[in-house]
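Chemist: The structure that follows is given in the form of structure tokens.
The values are calculated or read from the model by the stated rules, or taken from the named source; none is laboratory data. Predicted model only: the values in this text are computed from it and were never measured. Backbone-built Cβ (ideal geometry, glycine too); neighbour counts: all protein chains shown. Calculation scope for accessible area: heavy atoms of the full protein, side chains included, ligands and nucleic acids excluded. Shrake-Rupley method; radii C 1.70, N 1.55, O 1.52, S 1.80 Å.
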Amino acid sequence: MKSHHDISRMYINGRWVGANSHATFPVYNPSNGEKIGDVADGNRDDAQKAIHAAQEAFGLWSGRTAYARSKYLHKAYQVMMDSKEHLARVMTQEQGKPLKASRGEIQYGADFLLWYAEEAKRIYGETIPAPRSDQRFIVLRQPVGVVAAITPWNYPMSMITRKVAPALAAGCTIVLKPAEATPLCAIEIFKIFEKAGIPAGVVNLVTALNPAPIGEVFATHPMIRKITFTGSTQVGKILAKKAADQVKHVSLELGGHAPFIVFEDSDPVYAAKGAVLVKFLNTGQACISPNRIFVHQSIIEPFIEEFKSRVSKMLAGSGFEDGVSIGPLVNDAAIQKVERQVRDAVDQGATLICGGQRLKDNDLDKGFFYAPTLLGGVTPNMLIYREETFGPVAPVITFNTDEEVLEMANDTNYGLAAYVYTRSLSRAMRMFEGLRFGIVGINDINPTAAAAPFGGMKESGLGREGGRDGIAEYLETKLGGFSI
Ligand code: NAD
């Protein structure tokens, strides 16, 4: 693979085009700071052009049969699977995650194309018994119209297919702005759409260094009928407020602060293994990353011992190197956020069990590496207990009773994912029902799949992606009342 991508273009109305202003911006490898490409720096004009192309294409695309739309998604799935290795290498270079994790994300991303290729054919309506004998009720589900999507850098390919696949299956056309840290991944995904023969204007890509003006156009343009956003709660709120003026549909996949609860009837070694795997997934840069690990007082010692021993074996470095499981953070600001939270916790009495520093040896100082970190004795007054970390820090808190831990777990403005380790069926069910989170893993650290609804409660979001719910987000319900 070339290590430097030539100036990469946006995809608007079926053509690869430069920015209206001819401006570009550089993209860097977060493992070593090397520049890996230049990308078109789109502005409002480019966003508007893309929206017009999507509007123009909407009539034809939504008028195609579900079977025809399905075929394009099937084809895109096949092309994506055929390009798996190439895509994984682009992702590791641009986002930093280990190659194995990149391959896993490509598979997860492709799964949405396949699943919604099938689901396109199941957009069923309804007939409803009417109150009058001369009346008939028929319910249709129709596409909402042109969709604007904004995606993050942490899962830079699958977050795109998770939106585009159901939108296209539903009959919508789409304009997408990827994160400025990972535009090359987005360009690769749009090359797949092109190769799959998806008609001009149905999918459009606008890349930009400064996201705010594009977000503004998306949220205020009258042709956009739906905004779908994955990213921080702060930006999600800005977009939702702006979109409210035209009462646009809004789906938001936002931040999280997942509790990970380990009860005394579980095996602490098994639970620690799960906690390490999910905490350090993507170096902690996942919205479903555990941000408070609650362990029953009676098993805290074996849990910490196992956790620590596993962390000590983790290797940080370039995702292209064998055996590396800790990739870089996205940028320096991310390192500073982690440093601030760890310093605050230690200043307020937390115990630094391992890690706790930026990694600099063996050239790691050229990238954004932070040691996998375990903090004991974390308390509710610490920043890390409330703020999302988005980095490789595991804060541990002890508890004594079920009621106490349920209350502590729910004491957050977030409500995305939660994890519970127990061998008791009734305890598992009580926790599943009592936790105010959209996704609950019971002895399961990966409760996600293309077929399953993913999304949060409270300030973690609105709507769901994946599964049946995921396509409903792109459909309007229309009632027909017929007097016969
Ligand atoms: P971010 O909100 O800054 O960026 C996400 C996207 O929003 C990027 O494409 C960015 O360019 C864009 N953006 C930023 N400011 C904007 C603005 N003013 N107007 C329009 N678009 C704007 O978030 P981040 O820090 O880059 O990403 C991490 C966050 O994303 C975390 O909080 C994480 O929990 C969340 N996230 C959530 C999910 C989920 O499914 N719930 C998945 C991944 C990440």
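Chemist: Taking R0 as 60 Å, what's the FRET efficiency between Gln78 and Val346 from their Cβ-Cβ distance, rounded to 0.05? Write out the running numbers ahead of the final one.
Modeler: Values: r = 51 Å, r/R0 = 0.86.
The computed FRET efficiency comes out at 0.70.
Chemist: Right, another one. Counting only DSSP beta bridges with both residues in the chain, tell me the antiparallel percent, nearest 5. List each step's numbers first, then the result.
Modeler: On the way: 28 of 69 bridges.
In the chain, DSSP labels about 40 percent of beta bridges as antiparallel.
Chemist: For a quick check: with amide H placed at 1.01 Å from N, whose amide H comes under 5 Å from Arg436's, ignoring anything fewer than 5 positions away on the same chain?
Modeler: For Arg436, no residues qualify.
Chemist: About the Cα centre of the chain, how large is the charge dipole given +1 on each Lys and Arg Cβ and -1 on each Asp and Glu Cβ? Please answer in debye to the nearest 20.
Modeler: On the way: 52 positive and 51 negative charges, 313 e Å.
Dipole size: approximately 1500 debye.
Chemist: Compute and list, largest first, the equivalent-ellipsoid semi-axes of the range 258-449 from the alpha carbon gyration tensor, each √(5λ) rounded to a whole angstrom.
Modeler: Details: eigenvalues 145, 58, 49 Å².
Whole-Å semi-axes of the equivalent ellipsoid: 27, 17, 16.
Chemist: Any idea what the dipole of the range 143-238 comes to, in debye rounded to 20, about its Cα centre with Lys/Arg Cβ at +1 and Asp/Glu Cβ at -1? Before the final figure, lay out the partial values.
Modeler: Numbers: 8 positive and 4 negative charges, 47 e Å.
It works out to roughly 220 debye.
Chemist: May I ask you to derive the FRET efficiency for Arg15 and Tyr270 from their Cβ-Cβ distance with R0 = 51 Å, giving the value to the nearest 0.05? Intermediate values should be presented prior to the final figure.
Modeler: On the way: r = 53 Å, r/R0 = 1.04.
Efficiency at R0 = 51 Å is approximately 0.45.
Chemist: Continuing with the same structure: Compute the projected area of the convex hull of the Cα atoms of the chain, averaged over all viewing directions, and report it in nm² to one decimal place. It would help to have the intermediate numbers written out before the result.
Modeler: On the way: hull surface 96.1 nm².
Approximately 24.0 nm², given one-decimal rounding.
Chemist: Another question, if that's okay. Given Cβ point charges of +1 (Lys, Arg) and -1 (Asp, Glu) and nothing else, what value in debye, to the nearest 20, does the dipole of the range 332-455 about its Cα centre take? Mind showing how you got there, number by number?
Modeler: On the way: 11 positive and 16 negative charges, 34 e Å.
Roughly 160 debye for the range 332-455.
Chemist: Give me the 1.4 Å probe accessible area per residue for the range 385-484, excluding ligands and nucleic acids, in Å². Don't jump to the answer; show the numbers that get you there.
Modeler: Values: 4540 Å² over 100 residues.
For the range 385-484, the solvent-accessible area averages 45 Å² per residue.
Chemist: Follow-up question, since we're still on this one. Each residue of the range 411-418 in turn: what ³J(HN,Hα) in whole Hz from Karplus with 6.51, -1.76, 1.60 and θ = phi - 60°, glycine and Pro shown as x?
Modeler: 7, 7, 6, 8, x, 8, 10, 9
Chemist: May I ask you to compute the full-extension gain from Gln135 to Glu34, defined as 0.36 nm times their residue separation minus their alpha-carbon distance, rounded to one decimal in nm? Working shown, then result.
Modeler: On the way: separation 101, 0.36 × 101 = 36.36 nm, distance 6.81 nm.
29.6 nm is the gain from fully extending Gln135 to Glu34.
Chemist: Here's another thing I want to ask about it. Report the one residue of Ala417, Ala286, Ser266 whose Cα lies farthest in the direction of the positive end of the charge dipole of the range 258-449 (charges on C-beta: Lys and Arg +1, Asp and Glu -1; origin at the Cα centre).
Modeler: Of the options given, the answer is Ala286.
Chemist: Any chance you could run the full-extension gain for Thr65 through Gln336? It's 0.36 nm times the residue separation minus the Cα-Cα distance, nm to one decimal. Please list the in-between numbers first.
Modeler: On the way: separation 271, 0.36 × 271 = 97.56 nm, distance 5.09 nm.
Difference between extended and current length: 92.5 nm.
Chemist: Does a label point 7 Å from the Cα of Ile238, set along Cα-to-beta-carbon, have any residues of the range 35-67 with amide nitrogen under 19 Å, and which are they?
Modeler: Of the residues in the range 35-67, 41-48 have backbone N under 19 Å from the label point off Ile238.
Chemist: Among 439-452, 254-267, what's the highest-first ranking by average C-beta atoms within 10 angstrom per residue? Don't skip to the end; give the middle numbers.
Modeler: Numbers: 439-452: 17.3, 254-267: 23.3.
By packing density, highest mean first, the sequence is 254-267, 439-452.
Chemist: Express as a percent, rounded to the nearest 5, the fraction of DSSP beta bridges in the range 258-449 (both residues included) that run antiparallel.
Modeler: Details: 4 of 25 bridges.
Counting only bridges with both partners in the range 258-449, antiparallel ones make up about 15 percent.
Chemist: Taking amide H positions as placed in the peptide plane 1.01 Å from N, state which residues far from Gly42 in sequence (5 or more) or on other chains have amide H under 5 Å from it.
Modeler: Under 5 Å from the amide H of Gly42 lie the amide H atoms of Thr207, Ala208, Leu209, each far enough along the sequence or on another chain.
Chemist: Sticking with this structure for a sec: Too long at a 32 Å Cα-Cα cut-off: which of Lys237/Lys273; Lys226/Lys458; Lys49/Lys71; Lys97/Lys308; Lys49/Lys100; Lys71/Lys478? Intermediate results must be reported in sequence, preceding the final value.
Modeler: On the way: Lys237/Lys273 36 Å; Lys226/Lys458 20 Å; Lys49/Lys71 27 Å; Lys97/Lys308 22 Å; Lys49/Lys100 38 Å; Lys71/Lys478 26 Å.
In this structure, Lys237/Lys273; Lys49/Lys100 exceed 32 Å between Cα atoms.
Chemist: Between Asn446 and Lys313, what length in nm is gained on full extension when 0.36 nm per residue of separation is reduced by their alpha carbon distance? Each step should come with its number before you reach the end.
Modeler: Details: separation 133, 0.36 × 133 = 47.88 nm, distance 2.20 nm.
Result: 45.7 nm gained on full extension.
Chemist: Based on DSSP H runs of at least 4 residues, each adding -39500 (n - 2.57), what is the mean residue ellipticity at 222 nm of the chain after dividing by all its residues, to the nearest 500 deg cm²/dmol? Provide the component values of the computation, followed by the final result.
Modeler: Details: 15 runs with 188 residues, N = 484.
Estimated from H runs of four or more residues: -12000 deg cm²/dmol.
Chemist: Another question, if that's okay. I need the calculated FRET efficiency for the pair Glu305 and Asp361, taking r as the beta carbon distance and R₀ as 22 Å, to the nearest 0.05. Could the numbers behind the result be given before it?
Modeler: On the way: r = 26 Å, r/R0 = 1.18.
For R0 = 22 Å, the calculated efficiency reads 0.25.
Chemist: Could I ask something else about it? Sort out for me the Cα centre separation of the range 147-179 from the range 376-425, rounded to whole Å.
Modeler: Distance between centres, Cα-based: 31 Å.
Chemist: So for the range 162-275, Kirkwood radius off the Cα pairs, Stokes-Einstein at 20 °C and 1.002 mPa s: how many µm² s⁻¹? If you can, show how the numbers build up before the last one.
Modeler: Details: Rh = 16.6 Å.
Rounded, D is 129 µm²/s.
Chemist: On to the next question. In nm, give the distance between the simple-model label positions of Glu476 and Asp411, each being 7 Å from the Cα along the Cα-to-Cβ direction.
Modeler: With each label placed 7 Å out from Cα toward Cβ, I get 4.6 nm.
Chemist: Output the DSSP H helices from the chain with an along-axis C-alpha extent of no less than 15 Å and a mean Kyte-Doolittle hydropathy no less than -0.5.
Modeler: Details: long enough: 44-63 (29 Å, -0.58); 66-82 (24 Å, -0.59); 84-95 (16 Å, -1.22); 99-119 (30 Å, -0.33); 158-170 (18 Å, 0.78); 183-195 (18 Å, 0.83); 233-244 (16 Å, 0.13); 268-279 (16 Å, 0.89); 300-312 (18 Å, -0.25); 332-347 (22 Å, -0.71).
Membrane-span-like by this rule: 99-119, 158-170, 183-195, 233-244, 268-279, 300-312.
Chemist: In the range 258-449, what percent of the accessible surface is made up of carbon and sulfur (1.4 Å probe, ligands and nucleic acids excluded)?
Modeler: Numbers: 4000 of 7990 Å².
Answer for the range 258-449: carbon and sulfur cover 50 percent of the accessible area.
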